[in-house]
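Structure, as structure tokens:
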Amino acid sequence: MTTNVLILCTHNSARSVLGEGMLNHLARQLGRDVRAYSAGSSPSGRINPLAIEALRNAGVEVSDFRSKSWDEFVGAKAPEMRVVITVCDSAAEEACPYWPGSPVTVHWGYPDPSNTEGGDEKKRQAFELTRQAIAYRMLQLLLLPIEAMSNAELQQALQRLARS
């Protein structure tokens, strides 16, 4: 059975998209039955082009990405989430909607690379470093025996990863 993971950020334009892209990419490489989605509480309606560039440079297929609301994941036809991860501080502070199935939730905060001061090259570097940091934690998630873990065990493991 597929383990569905929802990655949330406020605007669903950078960090959550990097998380979705890297988790799906790494899951395919490792042959894991894990499917990531991303969404935002107040989606911007566009993906930051530097996030797309960072994913593309890492070999991730980016043609299907779009900025979307977390409302898409609470309806009757939405996939049931096992894990919900918030990746930016403002999303962590917001009241999330009720998620069917009461998934495991964890906050893995990352600074917003969009707020990096300096020219394009500094911003590109910030997006790449953020992509790498997110990829590392997503890889750690994929190395867990998710299917054999109870929700309480998974919650503890994901919280340990948040502190690492």
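Show me the ranking of peptides 31-42, 120-131, 57-68 by mean Cβ neighbours inside 10 Å, starting with the highest.
Order by mean packing, descending: 31-42, 120-131, 57-68.
Volume per residue, Å³, of the convex hull around the alpha-carbon atoms of the chain?
Dividing the Cα hull volume of the chain by its residue count gives 111 Å³.
Helix 120-142 sits at what angle to the longest principal axis of the chain, using alpha carbons and giving 0 to 90 degrees rounded to 10?
Helix 120-142 sits roughly 20 degrees off the main axis of the chain.
Per the helix-only calculation at 222 nm, which mean residue ellipticity applies to the chain, given -39500 (n - 2.57) for every DSSP H run of n ≥ 4 and division by its residues, nearest 500 deg cm²/dmol?
Calculated at 222 nm, the ellipticity per residue is -13000 deg cm²/dmol.
Could you work out how far helix 151-163 tilts from the main Cα principal axis of the chain, as a 0 to 90 degree angle to the nearest 10?
Result, in degrees: 30.
Under the rule a/c < 1.5 gives rounded, and otherwise a/b versus b/c splits prolate from oblate, where does the stretch 1-66 land using the Cα gyration tensor?
Oblate.
We did not get these values from a lab; they are worked out from the coordinates using the rules stated. Quantities reported herein were computed from a predicted structural model and do not represent experimental measurements. Note: ideal-geometry Cβ built from the backbone for every residue, glycine included; neighbour counts use all protein chains shown.
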